[in-house]
Amino acid sequence: MNTTTAAVAPLTIQDAEALVDVARTAAEAAGVAVAVTVLDAGGHLLAFRRDDRAVLIAGETSTRKAYTALQLDAPTADLVGAVQPGGLFHTLPTALDRPLLFIAGGVPVHRDGRLIGAVGVGGGTPDQDHGFASVAVNALT
């Protein structure tokens with residue numbers, strides 16, 4: 001029985017820049033000024049860009065959305081209900097030192113079925129941010 005696992009290429013800076021470019025292009029086409037954050041599998045910043053017209057908090061929200069999507073390996077749009085009273089993760093946003101954000105706009109990035117990073121978008125409505133992040137991730141894979 002072979003227990004060797006094939007290596008999966010990590011998220012590169014070129015991948016990260018492509019994610020930023022695609023998300024920003026989608027946002028610009030919709031007339032929305034955004035910030036985009038890309039994290040690698042370890043949660044380290046690979047790329048960040050905030051449109052100079054985006055609200056200042058968009059940078060923070062994009063980073064927290066990416067971090068949340070990475071840590072829970074799920075789009076933040078799918079987790080919003082889990083933090084409501086009675087939800088599975090109701091106390092999670094305040095239980096950890098790291099800032100999680102359960103607002104749509106964070107999407108994990110997979111390659112060959114393995115989690116390799118995440119992208120977060122902030123600045124539009126939650127649905128818009130999720131759409132921009134999803135378009136970027138779908139273009140990468």
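The values are calculated or read from the model by the stated rules, or taken from the named source; none is laboratory data. Computed from a prediction, not measured in an experiment: that's the story for all the values here. Every residue, glycine among them, receives a Cβ derived from its backbone with ideal geometry; neighbour counts consider all protein chains shown. We work out accessible area using only protein heavy atoms, side chains counted, and drop any ligands, DNA or RNA first. Shrake-Rupley method; radii C 1.70, N 1.55, O 1.52, S 1.80 Å.
Here are the numbers:
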| item | result |
| --- | --- |
| Of all residues making up the range 117-138, the number that are open to solvent by 10 Å² or more (accessible area, probe 1.4 Å) and either in contact with an Asp or Glu (Cβ under 9 Å, 6 or more places away or on another chain) or under 23 Å from V83 (Cβ atoms) (or both) | 11 |
| Matching residues, the range 33-72, being of a type in the set (V, I, T), touching a helix residue (DSSP H, G or I) at 6+ places or on another chain (Cβ under 6 Å) and touching a residue at least 60 places away in the same chain (Cβ under 8 Å) | V34, V36, T37, V38 |
| Test set (1) in a helix (DSSP H, G or I); (2) farther than 23 Å from E28 by Cα; (3) more than 9 Å from the chain's Cα centre (by Cα); (4) not hydrophobic (A, V, I, L, M, F, W, C) - P85 fails condition number | (1) |
